[in-house]
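Taking it in order: structure first as structure tokens, then the write-up.
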Amino acid sequence: MTLTRRGLLGTAAASSLLPLARARAANAPIKIGVLGDMSGMYRDLSGPVSVACAKQAVADFGAAAKGIPVEILTGDHQNKPDIGAGVAGQWFDRDGVDLVVDVPNSSVALAVSSVGHLKNKVVIACGPGTADLTGPQCTPNTIHWSFDTWMLAHSTGGAMVKTGGDTWFFITADYAFGHAMQRDTANFVTQAGGKVLGNVDTPFPGTTDFSSFLLQAQSTGAKVIGLANAGSDTVNCIKQAAEFGVNKSARLAGLLVFISDVHALGLQNAQGLVLTETFYWDLNDRTRAFTERVLPNTGGARPGMGQAGVYGGVIQYLKAVEKMGVAAAKASGAATVAQMKAMPT
């Protein structure tokens, strides 16, 4: 290859810009997008409380004191995968967002995870349930935080089968999470010697009357009615089960229940409900102290497990950024995720 004087000058000029580009990257803020349900059926388990938890994580980590500027953006995916993917793509391309966090609704999370992989950014999924995020649709750019359908199936399903609940009927929200939740729980129940007597898919979103589905479940004689849904769907199912007396002939297994759901139900309706939680605000001194710090910014709502997961996920992400340096973390989401996994939580 022949090098001309002009070519050498051009190479030298380009090389001289590299330190400047690195300096700009090092001084650029880390941008975190909290993408949640801000107005729909999952608002209480995501929404403004997730935003407050992300901000609390930045404050508790001491990002400013450590020379890591952080900006937080918020977005509403409206429980629609195309909108979620569109917001994430715009954030990555136009706004320079480095991390998208929260993302309740499994269909939305799968779509956003795919965009994060395409753009080599980081996605921390704290609100969705489907274990497919770490199974068939796993990417090196996504971390599934807090809970998933495999864990919920084995904990709640295991507790029910061990106490005699060996015949099941599922009421399933007809989207990615509901089907994954039913699949994983049914697999566990049958492996433990139980039987699945049937299931019914309920339109999602938009179902408010679950009476016919509950009566169909009751007619099978199943000992357990597994609720493979979440949010207001779960709340409505449990309330209507009490109204029609279905909970007197079968036990209800809430396969994904949040503290906000229990508050919406009231103690009377929640009596006897079996559920699994990965975080409870009043569990110990540490959870109470965290809750007290974030409470002034949540409107009095105590964080649930998905929202607490936003806090934990952002803390872990910032630890990785500190370890790698801002420029390196912004350059590769996959490398940042690898660093997060290599560090203790």
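Among the residues here, residue 255 qualifies as at pLDDT 95 or above, under 27 Å from residue 170 (Cα atoms), aliphatic (A, V, I, L, M) and out of contact with any Lys or Arg (no Cβ under 9 Å at 6 or more places or on another chain). Consider residue 306 carefully, then state whether it is outside any helix (DSSP H, G or I) and touching a residue at least 12 places away in the same chain (Cβ under 8 Å). Taking the combined requirement at face value, the residue does not satisfy it.
Conditions tested, residue by residue: (1) surrounded by 19 or more Cβ atoms within 10 Å (Cβ to Cβ); (2) farther than 17 Å from residue 121 by Cβ; (3) over 18 Å from the mean Cα position of the chain (by Cα); (4) hydrophobic (A, V, I, L, M, F, W, C).
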| residue | (1), (2), (3), (4) |
| --- | --- |
| 43 | yes, yes, no, no |
| 61 | yes, yes, yes, yes |
| 66 | no, yes, yes, no |
| 69 | no, yes, yes, no |
| 75 | yes, no, no, no |
| 87 | yes, no, no, yes |
| 91 | yes, no, yes, yes |
| 100 | yes, no, no, yes |
| 103 | yes, no, no, yes |
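Could you tell me which residue of region 163-209 is surrounded by the most Cβ atoms within 10 Å (Cβ to Cβ), considering only residues that are free of Cβ contacts under 8 Å to residues at least 24 places away in the same chain and farther than 29 Å from residue 80 by Cα? Among those that are free of Cβ contacts under 8 Å to residues at least 24 places away in the same chain and farther than 29 Å from residue 80 by Cα, it is 190.
Scanning for something of a type in the set (Val, Ile, Thr) and in a loop (DSSP other than H, G, I, E, B), does region 270-278 turn up at least one residue? Yes, the conditions are met somewhere in region 270-278. When residue 334 is tested against the conditions (1) outside any helix (DSSP H, G or I); (2) among the hydrophobic types (A, V, I, L, M, F, W, C); (3) surrounded by fewer than 18 Cβ atoms within 10 Å (Cβ to Cβ), the lone failure is (1).
Filter region 278-296 down to the residues that are surrounded by 15 or more Cβ atoms within 10 Å (Cβ to Cβ) and of a type in the set (S, T, N, Q), then identify the one that is nearest to the chain's Cα centre (by Cα). Among those that are surrounded by 15 or more Cβ atoms within 10 Å (Cβ to Cβ) and of a type in the set (S, T, N, Q), it is 278. Residues in region 225-269 that are assigned to a loop (DSSP other than H, G, I, E, B) and more than 25 Å from residue 150 (Cβ to Cβ): 244, 245, 249.
Let's see how each residue does on (1) over 19 Å from residue 179 (Cα atoms); (2) in the same structural domain as residue 159 (by TED's automatic domain parsing); (3) modelled with pLDDT of 95 or more:
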| position | (1), (2), (3) |
| --- | --- |
| 202 | no, yes, yes |
| 205 | no, yes, no |
| 210 | no, yes, yes |
| 215 | yes, yes, yes |
| 235 | no, yes, yes |
| 249 | yes, yes, no |
| 259 | yes, yes, no |
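Among the residues making up region 244-276, those that are surrounded by 20 or more Cβ atoms within 10 Å (Cβ to Cβ) and among the polar types (S, T, N, Q) are 247, 260, 276.
The values are calculated or read from the model by the stated rules, or taken from the named source; none is laboratory data. Being a predicted model, the structure only gives us computed values, none of them experimental. Cβ coordinates were reconstructed from backbone atoms using ideal geometry, including for glycine residues, and neighbour counts include every protein chain displayed.
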